[in-house]
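Beneath this line is the structure, given in structure tokens, with notes to follow.
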Amino acid sequence: TSSISGASSGIGVETARVLALRGVLVVMAVRNLDAGRNVKEAIHKEINGAKIDVMQLDLSSMASVRKFASEFQSSTLPLNILINNAGVMATPFMLSHDNIELQFATNHLGHFLLTNLLLDTMKLTARESKREGRIVNLSSKGHRIVYGEGNPFDHINDESGYFPRFAYGQSKLVNILHANEFSRRLKDEGVEITANSLHPGSIIMTDLMRHHELNHFLGFELGNFFHIGALTLF
């Protein structure tokens with residue numbers, strides 16, 4: 001079983017499709033249930049017998065993350081693969097449901113909480129199946145473009161110093177740090193789960209680019225490469 005956040009568009013759709021093609025039970029964790037159901041229907045039309053569930057998850061809301069994790073655990077499904085894919089990019093300054101800067105809240109904090117809440121399920125699955133579990137954080141080369149003073153955790157909600165691309169890079173850098181530290185701790189515990197982060201390649205013409213100025217003059221020329229980006233997950 002695999003859980004994929006943001007599976008209703010872009011790289012998430014292709015990841016769900018390929019995993020379903022390989023016989024994996026895919027749980028699509030999506031903010032928009034209608035969009036998720038449309039993707040599920042499209043995959044079923046292409047792949048006979050595809051095993052797909054759709055569950056609601058809004059990573060900008062800690063309450064939604066906790067509700068998703070609780071419902072997943074209540075389903076008694078195993079969890080072999082957790083793909084933290086969803087994200088927002090270069091948004092105007094906004095606060096999440098919990099009054100945290102939106103990019104940091106969605107791209108990192110939501111996934112951080114989700115991973116911790118589902119970790120016991122993953123450990124149990126790895127033990128019982130005797131198969132290595134995988135946690136994958138979708139990061140970006142954008143992690144290099146950050147605020148000069150480093151991660152300003154003490155004033156994360158300071159609108160006056162907010163710069164959209166720096167805030168995005170900051171969230172992607174923390175995705176990497178999260179995966180690295182998780183990997184170290186899991187190894188120290190002797191748990192058969194790996195944690196990795198990756199840069200998926202081109203994201204032109206995915207929904208992630210909707211707030212980025214490049215989307216207005218490059219997207220229509222470069223085309224849609226999200227299926228290539230999804231290959232970096234396998």
Could you check LYS51 against (1) in contact with a Leu (Cβ under 6 Å, 6 or more places away or on another chain); (2) in contact (Cβ under 8 Å) with a residue 40 or more places away in the chain; (3) of a type in the set (D, E, K, R) and say which number it fails? (2)
Complete set of residues in the stretch 90-105 that are over 10 Å from TYR168 (Cα atoms), open to solvent by less than 40 Å² (accessible area, probe 1.4 Å) and in contact (Cβ under 8 Å) with a residue 60 or more places away in the chain: GLU101
Right, THR15: closer than 18 Å to ARG134 by Cα, touching a helix residue (DSSP H, G or I) at 6+ places or on another chain (Cβ under 9 Å), crowded, with 24+ Cβ neighbours inside 10 Å and touching a residue at least 60 places away in the same chain (Cβ under 8 Å) or not? yes
Kindly provide the set of residues from the stretch 18-48 that are over 13 Å from the mean Cα position of the chain (by Cα), open to solvent by 40 Å² or more (accessible area, probe 1.4 Å) and more than 19 Å from ASN80 (Cβ to Cβ), ordered by number. ASN32, LEU33, ASP34, ARG37, ASN38, LYS40, GLU41, ALA42, HIS44, LYS45, GLU46, ASN48
All but one of (1) modelled with pLDDT of 95 or more; (2) assigned to a loop (DSSP other than H, G, I, E, B) hold for VAL136; which doesn't? (2)
Of all residues being of a type outside the set (A, V, I, L, M, F, W, C) and open to solvent by 40 Å² or more (accessible area, probe 1.4 Å) in the stretch 76-89, which is nearest to the chain's Cα centre (by Cα)? Just the residue, please. PRO78
Residue selected from the stretch 120-129 under the condition free of Cβ contacts under 8 Å to residues at least 60 places away in the same chain and either part of a loop (DSSP other than H, G, I, E, B) or not β-branched (Val, Ile, Thr) (or both), by the criterion nearest to GLU71 (Cα to Cα): ASP120
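The values are calculated or read from the model by the stated rules, or taken from the named source; none is laboratory data. These figures come from a predicted structure and were not determined experimentally. In this analysis, Cβ positions are derived from the backbone assuming ideal geometry, glycine residues included, and neighbour counts consider all displayed protein chains. SASA here: full protein model, heavy atoms, side chains in, ligands and nucleic acids out. Shrake-Rupley method; radii C 1.70, N 1.55, O 1.52, S 1.80 Å.
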